[in-house]
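Please treat every number below as a calculation from the coordinates, not as lab data. Being a predicted model, the structure only gives us computed values, none of them experimental. Backbone-built Cβ (ideal geometry, glycine too); neighbour counts: all protein chains shown.
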Amino acid sequence: MAADLALRLIGASDDDLDRVVNETIGEIATFCDAERGYVTFYDPIEATFDISHEWTRGVIPQRPAIQHVRLDQFPWSVACANRQEILVVDDIADLPPEAAAEHASFGAFGVRSILQIPIIHNGVTVGVAGLNRFEPNAGWHPDTIEFARRVGQAVGVALARNRALREIASAHERAEHARRSRDDLLAHVSHELRTPLHAILGYAELLELDERSDQDRDALMRIQTNGRHLLAMIDDLAELARSSPMIAHQTDVNAVTKEIVTDLAHVAHDRGLELIGGACSGVAGVEIGRFRQVARCLVIGAAQSMRDGRIVVEAEGSEETTMLRVRLASTRAISRDGLVLPMAQMLMLGHGRIETRAPDDRHTSTITVTFETS
């Protein structure tokens, strides 16, 4: 009979499990000559317990009254369950003094004897399955205890599994809602930022059509360069948000470097600079999105720090480490050694380090990024 009931629980669908559990509790209680059977689950976060399922015969159900009860109100029986011990009480009059709370609670409902089986899931007690008798009797027979233990544990495991699946489904639903909210916010913010930026860049291009002094043209060039830089940052932030957490995989650093050089050629050209791809080799096990975004930030920052000259992007990937270098050379002093933008530093937090080296004359500079290979 125990095996049959256990198989019935295992075969129950998620939607049908509650009905099967109630029927099983009834069969256990009937077989064990008990007037009440129940399942109680603990909530470790709230430190409470409640009855999730109950079967009764000729007595008042207790489930409505036993919901969100604090565990510390019944320390004796909870400690017994946490030790994963079966609680057998032939007569509540024999309960020890430290079980006064249990005596008062069960006695108030007319319970005379108690059998409680700890429900153990993944090695931890998550609740109890119990039987109560309301009439004097000869006590709980060892065979009855063993039968109740087997089936009661099967009931508990089936319910614990079902609860875990429901929690996973609920967490997935919450994550999907958060993702949709994030994407909606990202799309809205991106649109609100792009619209004025495109207007600014458009007016700057129109102003260039008129005769302007060298100083005016230089100011207009800075407006366009910085505007495009902001657009690039918006793209980077959008990609980072969409791909977070980003996934590490084998990245051809040469292909990614060429893509970056091609994509940012206009930024260098607007500043009168030459942007080229240098020596690149190897395959790196890094997050391609992070690699691309850091490189873009460094190139844009370098372009802002120079008045003329050349920017060379180099990369070397291996299983142990991945290096990205941005070399700067100019006839004039390079401001702030190449201007590493804060966004690049933010992207590297916890993923590697950025170092900047420049000689005393500051006409050249090398920015080296070391990625921690995942």
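Here the extension length gained between Asp235 and Thr368 equals 45.6 nm, from 0.36 nm per residue of separation less the Cα-Cα distance.
Taking the helices alone, the chain has a mean residue ellipticity at 222 nm of -16500 deg cm²/dmol, built from -39,500 (n - 2.57) per DSSP H run of at least 4 residues and averaged over all its residues.
Taking each residue as 0.36 nm, the span from Gln84 to Leu193 lengthens on full extension beyond its C-alpha to C-alpha distance by 33.3 nm. Summarising the label geometry, the points placed 7 Å from Cα in the beta-carbon direction at Ala100 and Ala169 lie 4.6 nm from one another. Remark: the Ile45-Arg310 segment gains 89.4 nm on full extension, using 0.36 nm per residue and subtracting the alpha carbon distance.
Label-to-label distance for Ala219 and His68 is 6.5 nm, based on points extended 7 Å past Cα in the beta-carbon direction.
Pull out a ≥ b ≥ c, the square roots of the eigenvalues of the alpha-carbon gyration tensor of segment 2-170, then state rounded if a/c is under 1.5, prolate if not and a/b is larger than b/c, and oblate in the remaining case. Don't skip to the end; give the middle numbers.
Values: a/c = 1.65, a/b = 1.23, b/c = 1.34.
Oblate.
Sorted from longest to shortest, the spans of the Cα atoms of the chain along the three principal axes equal 107, 43, 40 Å. For segment 164-212, the calculated P(r), taken from all Cα-Cα distances in 10 Å bins from zero up to the bin holding the longest distance, is 22, 23, 19, 15, 11, 7, 3, 0 percent. Seen against the Cα atoms of the chain and their longest principal axis, helix 253-263 is set at about 60 degrees.
Between Asn132, Leu165, Ile300, the Cα set farthest toward the positive side of the dipole of the chain (charges on each charged residue's Cβ, about the Cα centre) is that of Ile300.
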